[in-house]
Amino acid sequence: MSVATPLISAADMQRRLAVLLLIVFIDLLGFGVLIPLIPFYAERLGLTPQWITLVISLHSLMQFVGAPILGRLSDRFGRRPVLALSMAGHIAAYGLLAFADNLTLLVASRLLSGLTSGNLSAAYAYVTDITPPERRADGLGKVSAAFALGFALGPAMGGWLAGGANPTEANLAQPAIAAAALSAISLLGILLFLPESHRRDAAARPTGTDAETSTRRALLRDTALALMILLALMVLCFAAMRESLLALWLHDRMASDTYDIGVVFTANGIVVAIVQFWFMGRLARRFGAMQTLRAGVVAYACSWLGLVLAPNLTWVIVATGFGAIGTALFGTSLQTLVSMRAVTSNRGAVMGLYQSNAALARFFGAALSGTLYGSLGQNAPFSIGAFMMIPALALTFFIAVELNRGGHRG
């Protein structure tokens, strides 16, 4: 029997949301510290771009494995324990990275950070637990804004901690230690200040590989949900190519140092945070999640075309700004639509399934990006990504048909 949190007051909802936003921001600040630097940990070990992006993609591969399991565990034991477990895993992973002077430690760090990245699905499930459906896009947008703000400020902090020298000569231990410390602060915040939003009787449903497989198959029989996951696979694969290659691309094509790279990532994150925190809820209420989803796909296409044509760093910042708008609109809109396919008892599973498949898309995107980059040219991943947004946009119309046919559930 599922035991959902009783209806809470608007003031309590805002307080809980504020605490969650702060915890998420601090954790993602630590994650963001390492975003522009991870490729150079691998490059320092003498790896080629193909291998560098493969190492980067290991995080997403393990997130694909771990996210649905952690999602089901959050339905069974609550969101708070899963959030705490994720933070503890991040502390250990970043600690390994600080001393990663060989490939084994680097790979172990990426595997552990991905396996324990249940903070995404658990945080989104927490929001859907405490917000009514009409406020859900706004709540999800604010949590996504906290993620984005961490991504915005983290890279600048990482560039500062690493030093402004050539990335291959920078101090890479200091940013990893700082990231571990920030995740430790988030862990304390969860344990001390974040109340549980949902509990489930531990005996209510079995867990394990068979249960996860059964749950995944049952959810994928929902045609609308299956199409939304297909859309996520299509779009996020190419978004991951940009994310995994951008630091290397800036270094190779623009001769950018760690400071310049941090500036680009910071500008990108600030735009995502502004759109998600101040505009996402209003846009969703005025135009609907489906229209904002389509606008996100178009913004992604414009961003990747802009990078292909970019003659200088200023142009790159403008192009990544369009990508940031795409990230804000696409990610929040699709998560809102996905959450509407869930009921209280399986919300963690649905969000975990979505995050798992999103992670799979990022794995393939990051893993293939180095090969495209090395064999077809520096701009090839962006050119292909822009073209693939045409079928992605078409797919949104099929999703709308299925949603209109079946209605929303959450």
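The values are calculated or read from the model by the stated rules, or taken from the named source; none is laboratory data. Here the structure is a predicted model, which is why all the values come from computation and not from measurement. Heads up, the Cβs are rebuilt from the backbone with ideal geometry, glycines too, and the neighbour counts pull from every protein chain shown. Calculation scope for accessible area: heavy atoms of the full protein, side chains included, ligands and nucleic acids excluded. Shrake-Rupley method; radii C 1.70, N 1.55, O 1.52, S 1.80 Å.
Against the definition (open to solvent by 30 Å² or more (accessible area, probe 1.4 Å), in contact with a Pro (Cβ under 9 Å, 6 or more places away or on another chain) and modelled with pLDDT under 85), how does Ile35 come out, yes or no? Explain how you work it out, then say what you get.
Working: open to solvent by 30 Å² or more (accessible area, probe 1.4 Å): yes; in contact with a Pro (Cβ under 9 Å, 6 or more places away or on another chain): yes; modelled with pLDDT under 85: yes.
So Ile35 fits the description; yes.
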Revision key, fill the gap. Among helices (runs of 4 or more DSSP H) completely within region 83-172, the ones holding 1 or more residues that are free of Cβ contacts under 8 Å to residues at least 12 places away in the same chain and not hydroxyl-bearing (Ser, Thr, Tyr) are 103-115
Review point. If you take the residues of region 42-60 that are open to solvent by less than 50 Å² (accessible area, probe 1.4 Å) and touching a Gly at 6+ places or on another chain (Cβ under 8 Å), which of them is farthest from Ala358 (Cα to Cα)?
Key: Pro49
Check your understanding: Is it the case that Val338 is open to solvent by 20 Å² or more (accessible area, probe 1.4 Å) and either among the acidic types (Asp, Glu) or more than 13 Å from the chain's Cα centre (by Cα) (or both)?
Key -> no
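Got at least one residue in region 304-312 being of a type in the set (A, V, I, L, M) and touching a Phe, Trp or Tyr at 6+ places or on another chain (Cβ under 6 Å)?
The answer is yes, given that some residue of region 304-312 is of a type in the set (A, V, I, L, M) and touching a Phe, Trp or Tyr at 6+ places or on another chain (Cβ under 6 Å).
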Practice item. Mind listing just one residue for me: the one in region 100-128 that is over 17 Å from Asp27 (Cβ atoms) and open to solvent by less than 10 Å² (accessible area, probe 1.4 Å) and, of those, modelled with the lowest pLDDT? Key: Thr128
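Tell me the residue from Leu231, Leu245, Leu227, Leu293 that is within 30 Å of Thr48 (Cα to Cα) and in a helix (DSSP H, G or I), please.
Leu245
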Point to revise | Extreme residue, least open to solvent (accessible area, probe 1.4 Å), among residues of region 175-199 that are out of contact with any Phe, Trp or Tyr (no Cβ under 7 Å at 6 or more places or on another chain) and modelled with pLDDT under 90 | key: His198
Exercise for review: Residues being under 23 Å from the mean Cα position of the chain (by Cα), modelled with pLDDT under 95 and either among the hydroxyl-bearing types (Ser, Thr, Tyr) or open to solvent by 50 Å² or more (accessible area, probe 1.4 Å) (or both): count how many of those fall in region 372-410.
Suggested key: 1
Practice item. Filter region 54-82 for residues that are over 15 Å from Met351 (Cβ atoms), over 17 Å from the mean Cα position of the chain (by Cα) and touching a residue at least 40 places away in the same chain (Cβ under 8 Å) and give the result. Key: Leu54, Val55, Phe77, Arg80
Check your understanding: Is one or more of the residues making up region 394-410 within 15 Å of Cys237 (Cα to Cα) and among the hydrophobic types (A, V, I, L, M, F, W, C)?
Key -> no
Check your understanding: Are any residues in region 301-312 surrounded by 15 or more Cβ atoms within 10 Å (Cβ to Cβ) and not in a loop (DSSP other than H, G, I, E, B), and if so, which ones?
Key -> Ala301, Cys302, Ser303, Trp304, Leu305, Gly306, Leu307, Val308
Review point. Taking region 85-99 on its own, how many of its residues are out of contact with any Ser or Thr (no Cβ under 6 Å at 6 or more places or on another chain) and crowded, with 22+ Cβ neighbours inside 10 Å?
Key: 1
Revision key, fill the gap. Residue hits (region 313-335; among the hydroxyl-bearing types (Ser, Thr, Tyr), open to solvent by 10 Å² or more (accessible area, probe 1.4 Å) and at pLDDT below 90) are none
